[in-house]
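Asks: Sharing a structure here in structure tokens format.
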Amino acid sequence: MQIIDNINKTVKEDLQESIRRGSKMSVAAACFSMYAYQELKKQLEQVDEFSFIFTSPTFVKERAEKEKREFYIPRLNRESSLYGTEFEIKLRAKSVEQMGEILRDVQVVKFAQEKLREIHMRTTYFDTADGALSSRRWMLRVRQENEKSVVTMKTPGEGYARGEWECEGKTPEEAIGTLVQKGAPEELVELTKPGLEMVCGAEFVRLTQPLRLPDGTTCEICADGGELLGGCRKEPFCELELELTRGDGAALLAFAGELSRKYGLIEEQKSKFVRARRLADGK
């Protein structure tokens, strides 16, 4: 039996290996995004038959008047400032120059609420010696943001949403109690008692700007360019992040789709931590 955890082995990689000319394919899922199609386009063009079965969706219909066909992420899952949940879309860019072009795009400029800010980021990721955090797909980091140091913990969620808690601090040990008070899993305290060690990192420059979309949804657009660090290995990266701050996740997905089609972007499914950890592990 093969285990696909979307870290060491992804569904995309498995499908790319499995789909052959003349295949008959069935998918049961809540959605099949344009990003998934882009990644599997070459393989899907070879199949003889394709069927799709819709399962429980990430988006649910709001109790509203019948003429309002509005689908959205439930409020409990989208108010990050109150409930510790992050909704974020990552798009892989071809170059720093392309990200600059996107930030100057007429739509982005029109929706901008403030001027661009430049933040120099230095990130260090931590885990226990036995990998107790990464085995649960948890991420614990310390990030130097210009002059400020922030400790953040993230846990997996559903769709584009995931748990996120953060506080100011220079080391993860001094911040764990505060993170748990803010809603992070209480298990974090016991798991980290044996101690933490640095496993990988990243250094990059972030250009960020708050946007307000036509329906009132607000988000943060971030253009990150720099290097992932794992052991003695380095890997350059350029990616665009769109993070929901308030409102409708579907509106943010639609906006991300517009940028993707216009600039030929594809979804980055692996986090900076996962990619840096692979470097550190020599993969």
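Asks: Do we have ALA251 as in a loop (DSSP other than H, G, I, E, B) and either among the aliphatic types (A, V, I, L, M) or crowded, with 19+ Cβ neighbours inside 10 Å (or both) here?
Replies: Details: in a loop (DSSP other than H, G, I, E, B): no; either among the aliphatic types (A, V, I, L, M) or crowded, with 19+ Cβ neighbours inside 10 Å (or both): yes.
It is false that ALA251 is in a loop (DSSP other than H, G, I, E, B) and either among the aliphatic types (A, V, I, L, M) or crowded, with 19+ Cβ neighbours inside 10 Å (or both).
Asks: Right, here's the next one. If you take the residues in region 227-262 that are out of contact with any strand residue (DSSP E or B) (no Cβ under 8 Å at 6 or more places or on another chain) and not charged (D, E, K, R), which one is nearest to LYS94 (Cα to Cα)? Give the derivation first.
Replies: Narrowing region 227-262 to residues out of contact with any strand residue (DSSP E or B) (no Cβ under 8 Å at 6 or more places or on another chain): 232-233, 251, 254, 257-258, 261-262.
From the residues that got through so far, the ones that are not charged (D, E, K, R) too are 232, 251, 254, 257.
Working: CYS232: 24, ALA251: 24, ALA254: 21, GLY257: 16 Å.
It comes out as GLY257.
Asks: OK, next. Can you tell me which residues in region 181-202 are part of a loop (DSSP other than H, G, I, E, B), over 23 Å from the mean Cα position of the chain (by Cα) and either small (Gly, Ala, Ser) or surrounded by 14 or more Cβ atoms within 10 Å (Cβ to Cβ) (or both)?
Replies: THR192, GLY195, LEU196
Asks: Could I ask something else about it? Within region 230-248, track down each residue that is in a strand (DSSP E or B) and among the charged types (D, E, K, R). It would help to see each step written out before you state the result.
Replies: Going residue by residue through region 230-248, those that are in a strand (DSSP E or B) are 230, 233-246.
Answer for region 230-248, where residues must be in a strand (DSSP E or B) and among the charged types (D, E, K, R): ARG233, LYS234, GLU235, GLU239, GLU241, GLU243, ARG246.
Asks: Could you check, for region 168-180, whether at least one of its residues is in a strand (DSSP E or B) and in the same structural domain as VAL96 (by TED's automatic domain parsing)?
Replies: In the first step, residues of region 168-180 are kept if they are in a strand (DSSP E or B); the result is 168.
Applying the additional criterion that residues be in the same structural domain as VAL96 (by TED's automatic domain parsing) yields 168.
Yes; the residues of region 168-180 include at least one that is in a strand (DSSP E or B) and in the same structural domain as VAL96 (by TED's automatic domain parsing).
Asks: Oh, and also: In region 253-262, is there at least one residue being without any contact (Cβ under 8 Å) to a residue 60 or more places away in the chain and either within 15 Å of the chain's Cα centre (by Cα) or not assigned by TED's automatic domain parsing to the domain that holds THR171 (or both)?
Replies: no
Asks: Any residue at all in region 120-134 that's of a type in the set (S, T, N, Q) and at pLDDT below 95?
Replies: To start, the set of residues in region 120-134 that are of a type in the set (S, T, N, Q) comprises 123-124, 128, 134.
Next cut, at pLDDT below 95 only: 134.
Scanning region 120-134, I find at least one residue that is of a type in the set (S, T, N, Q) and at pLDDT below 95, so the answer is yes.
Asks: Report every pair of residues separated by at least 6 positions or lying on different chains whose Cβ atoms are under 7 Å apart, first residue within region 265-278 and over 26 Å from GLU101 (Cα atoms), second of a type in the set (A, V, I, L, M, F, W, C).
Replies: So the pair list comes out as PHE273/MET139; VAL274/ILE7; ALA276/CYS200; ALA276/ALA202; ALA276/LEU228; ALA276/LEU229; ARG277/VAL199; ARG277/CYS200.
The values are calculated or read from the model by the stated rules, or taken from the named source; none is laboratory data. Bear in mind that the values here come from a model prediction, so they are computed numbers and not experimental data. Ideal geometry is used to build each Cβ from the backbone, glycine not excepted, and the neighbour counts take in all protein chains shown.
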